[in-house]
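Asker: Take this structure first; my questions come after.
The values are calculated or read from the model by the stated rules, or taken from the named source; none is laboratory data. Nothing here was measured: the structure is a model prediction, and the numbers come from that model. Don't worry about glycine lacking a Cβ; one is built from the backbone with ideal geometry, like all the others, and counts go over all protein chains shown. When the accessible area is computed, the model is the full protein with side chains, heavy atoms only, and any ligands, DNA or RNA have been set aside. Shrake-Rupley method; radii C 1.70, N 1.55, O 1.52, S 1.80 Å.
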Amino acid sequence: MNIGDPWPDLDEAEVRVLAMQRKLHHWAKTDPGRRFDDIHNLVYDPFFLVVAWSRVRGNKGGRTAGVDGIAPRSVGFGAGELLSELRAHLKAGRFAPQRVREKAIPKASGKVRRLGIPTTADRVVQAVLKLVLEPIFEADFKPSSYGFRPRRRAQDAIAEIHYLASPTRNYEWVFEADITACFDEIDHTALMARVRGRISDKRALGWVSAFLRAGVLGEDGLNRETITGTPQGGILSPLLANIALSVLDEHFADKWAALGPNWTRAKHRRGGGAVMKLVRYADDFVIMLAGTRADAEALWDEVGTVLAPMGLRLSVEKSRVSHIDEGFDFLGWHIQRRAWRSRTGKRGIYTYPSKKALASIVDKVRKLTRRAKHRTLADLLRRLNPVLRGWCNYFRHGVSARTFYYVDHFAFWRVIGWLRKRHLGLNMHTLVRRFLPGWQIRVGKLEMLRPNKVAVTRYRYRGTRIPTPWSSPPGKIASPVA
């Protein structure tokens with residue numbers, strides 16, 4: 001989407017921004033002690049603003065408005081004027097973010113997740129700050145972190161757990177951790193101290209700090225100050241949360257490095273010492289441990305001590321120590337060591353959809369196939385297929401074939417039941433002839449997605465070999481944005 005004169009073309013802007021991001025990432029990677037002191041000019045650079053606007057408008061939340069009442073996708077020809085005014089305010093130092101609009105989303109547990117929806121202008125500035133800051137901080141982030149990072153996904157975290165728990169590594173004890181209200185309780189002072197470790201530009205720091213302190217307009221119409229936390233729903237929030245939680249990554253990376261090379265680590269294990277690895281996805285993490293249960297239980301105090309300076313604490317109800325033979329749930333998967341099928345006397349690590357994940361998709365299918373929910377079969381399939389496709393694509397890299405057959409059977413007969421209720425005058429023979437040719441649910445070219453047809457494949461463990469979008473040899477880096 002191009003905004004028009006005098007703003008640059010989006011394709012050209014993407015190229016120029018990527019070139020500058022590669023520069024920033026390269027400088028941060030080659031000089032770990034460098035503090036960037038002149039990046040505010042990039043925040044109001046036309047190329048960066050065009051790319052940021054494109055991402056804000058194309059975002060899933062682009063149809064939702066903040067306290068300004070303006071949804072990004074509703075802005076058409078006025079985009080150029082909006083960006084021009086925003087650029088002028090940023091350049092003159094007059095920009096100040098508005099409060100976020102609170103939106104409560106019910107959780108499966110019965111609790112509520114509170115999202116903070118920024119205004120359209122604030123979203124653009126947050127998107128630009130993310131474009132500038134992310135390449136810098138990605139140079140410092142550890143390989144053990146997978147959530148809300150470019151080119152990393154939940155399957156990478158599950159693959160690492162599978163790798164660590166498998167023979168011959170045998171990390172058998174698991175510390176399952178859950179942080180209480182992570183996005184709501186991050187200490188602003190501690191977070192900004194970590195941001196200042198890399199950024200010394202006062203204007204850029206001021207904008208980040210202003211977003212943290214912007215406040216919330218609650219659903220009850222009352223204004224509330226934000227003394228702690230980074231509101232969920234903001235474009236910048238996941239990056240800031242990763243900066244805060246990288247204290248965990250660094251702590252366990254330092255412990256791992258202190259054990260020395262592989263042979264000294266193996267010697268430590270043979271002598272009865274504990275060895276552990278952290279696997280984190282945003283604020284959900286597990287610590288895989290080779291040692292004893294007592295070593296795993298000791299992690300309660302250790303992790304609590306690491307999190308305390310950031311204003312965070314472990315949830316006593318949701319955190320626990322378990323053994324890999326018992327199994328545990330993580331990111332929707334159930335991970336457990338069991339007898340290896342067809343291999344007598346051997347055991348392997350199995351990853352398959354958890355009971356909670358299965359119950360979730362069954363509940364979604366049940367709600368979508370209620371009698372009064374859709375007018376025609378085509379309407380039903382247009383809503384149902386994306387739900388089934390997304391769920392199956394997420395879980396296809398595991399031992400999921402039997403679960404897929406179950407979901408397929410359930411969804412198929414729910415749709416049949418919907419058809420019978422919508423066409424009460426038709427007998428089953430007529431229903432099959434009209435809507436189920438060859439027992440395939442189809443309307444014209446639109447066909448129901450069948451989960452039992454989704455291929456199940458093993459996800460390739462990538463270890464530390466996951467490149468960033470800005471990884472390239474110094475000689476191939478393009479010129480920075482003017």
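Asker: Please find, among Val365, Val407, the residue that is of a type in the set (Val, Ile, Thr), in contact with a Pro (Cβ under 8 Å, 6 or more places away or on another chain), at pLDDT 90 or above and not in a loop (DSSP other than H, G, I, E, B).
Answerer: Val407
Asker: Now for a different question. Is there any pair linking a residue in the stretch 82-94 that is under 19 Å from Ile39 (Cβ atoms) to one that is small (Gly, Ala, Ser) and open to solvent by less than 60 Å² (accessible area, probe 1.4 Å), with Cβ under 7 Å and at least six apart or on different chains, and which?
Answerer: Close Cβ pairs satisfying both conditions: Leu86/Ala121.
Asker: Does Asp122 count as of a type in the set (Asp, Glu), closer than 30 Å to Ser74 by Cβ, part of a helix (DSSP H, G or I) and open to solvent by less than 20 Å² (accessible area, probe 1.4 Å)?
Answerer: Spelling it out, Asp122 is indeed of a type in the set (Asp, Glu), closer than 30 Å to Ser74 by Cβ, part of a helix (DSSP H, G or I) and open to solvent by less than 20 Å² (accessible area, probe 1.4 Å).
Asker: For the list (1) open to solvent by 50 Å² or more (accessible area, probe 1.4 Å); (2) within 32 Å of the chain's Cα centre (by Cα); (3) modelled with pLDDT under 85, I need the number of the one condition that Asn393 fails.
Answerer: (3)
Asker: While we're on this one: Report yes if some residue within the stretch 151-162 is without any contact (Cβ under 8 Å) to a residue 12 or more places away in the chain, part of a strand (DSSP E or B), open to solvent by 50 Å² or more (accessible area, probe 1.4 Å) and under 23 Å from Phe183 (Cα atoms); otherwise report no.
Answerer: Taking every residue of the stretch 151-162 in turn, none turns out to be without any contact (Cβ under 8 Å) to a residue 12 or more places away in the chain, part of a strand (DSSP E or B), open to solvent by 50 Å² or more (accessible area, probe 1.4 Å) and under 23 Å from Phe183 (Cα atoms).
Asker: A further question on this structure: With the requirement that a residue be at pLDDT 95 or above and either in contact with a Cys (Cβ under 9 Å, 6 or more places away or on another chain) or assigned to a helix (DSSP H, G or I) (or both), what does the stretch 167-203 give you?
Answerer: His188, Thr189, Ala190, Leu191, Met192, Ala193, Arg194, Val195, Arg196, Lys202, Arg203, listed by residue number.
Asker: I've got another one for you. Any chance you could count how many residues in the stretch 410-430 are open to solvent by less than 80 Å² (accessible area, probe 1.4 Å), aliphatic (A, V, I, L, M) and in a loop (DSSP other than H, G, I, E, B)?
Answerer: Residues in the stretch 410-430 being open to solvent by less than 80 Å² (accessible area, probe 1.4 Å), aliphatic (A, V, I, L, M) and in a loop (DSSP other than H, G, I, E, B): 1 in total.
Asker: On the basis of being basic (Lys, Arg) and either within 18 Å of the chain's Cα centre (by Cα) or open to solvent by 40 Å² or more (accessible area, probe 1.4 Å) (or both), does Arg198 make the cut?
Answerer: No.
Asker: Residue by residue through the stretch 253-286, note down the ones that are of a type in the set (D, E, K, R) and more than 26 Å from His334 (Cα to Cα).
Answerer: Asp254, Lys255, Arg265, Lys267, Arg269, Arg270 - these are the residues of the stretch 253-286 that are of a type in the set (D, E, K, R) and more than 26 Å from His334 (Cα to Cα).
Asker: Looking at (1) under 27 Å from Tyr171 (Cβ atoms); (2) surrounded by 12 or more Cβ atoms within 10 Å (Cβ to Cβ), which is the one condition that is false for Leu388?
Answerer: (1)
Asker: Got a sec? Which of Val100, Val43, Val51 is at pLDDT 90 or above and in contact with a Pro (Cβ under 7 Å, 6 or more places away or on another chain)?
Answerer: Just one listed residue meets the conditions, Val100.
Asker: Exactly one of these conditions fails for Gly398: (1) surrounded by 11 or more Cβ atoms within 10 Å (Cβ to Cβ); (2) part of a helix (DSSP H, G or I). Give me its number.
Answerer: Condition not satisfied by Gly398: (2).
Asker: Another question, if that's okay. Quick one: would you say Gly218 is within 21 Å of Ile105 (Cβ to Cβ), modelled with pLDDT under 95 and open to solvent by less than 20 Å² (accessible area, probe 1.4 Å)?
Answerer: Against the criterion (within 21 Å of Ile105 (Cβ to Cβ), modelled with pLDDT under 95 and open to solvent by less than 20 Å² (accessible area, probe 1.4 Å)), Gly218 qualifies.
Asker: For Arg57, all conditions in the list (1) within 22 Å of Glu102 (Cα to Cα); (2) touching a Leu at 6+ places or on another chain (Cβ under 9 Å); (3) of a type outside the set (S, T, N, Q) hold save one; what is the number of the exception?
Answerer: Exception for Arg57: condition (2).
Asker: Separate question: Applying the selection to the stretch 341-360, what residues are under 18 Å from Asp284 (Cβ atoms) and crowded, with 19+ Cβ neighbours inside 10 Å?
Answerer: Result: Thr351, Pro353, Ser354, Ala357.
Asker: Considering (1) open to solvent by 20 Å² or more (accessible area, probe 1.4 Å); (2) part of a helix (DSSP H, G or I), say which one Arg338 fails and leave the rest.
Answerer: (2)
Asker: Pick out, from the stretch 225-333, the strands (runs of 3 or more DSSP E) lying fully within it that include 3 or more residues that are touching a residue at least 12 places away in the same chain (Cβ under 8 Å) and crowded, with 20+ Cβ neighbours inside 10 Å.
Answerer: Qualifying strands (runs of 3 or more DSSP E): 275-281, 284-290.
Asker: Look through Val365, Val303, Val321 and report the one residue that is over 25 Å from Ala401 (Cβ atoms) and in contact with a helix residue (DSSP H, G or I) (Cβ under 6 Å, 6 or more places away or on another chain).
Answerer: Val321
Asker: Now for a separate question. Within the stretch 132-149, identify whether any single residue is within 19 Å of Thr226 (Cβ to Cβ) and either more than 18 Å from the chain's Cα centre (by Cα) or modelled with pLDDT under 95 (or both), and answer yes or no.
Answerer: No - not one qualifying residue is present in the stretch 132-149.
Asker: Here's a follow-up. Scan the stretch 125-135 residue by residue and report those that are closer than 30 Å to Lys277 by Cβ and surrounded by 22 or more Cβ atoms within 10 Å (Cβ to Cβ).
Answerer: Residues satisfying the conditions are Leu133, Glu134, Pro135.
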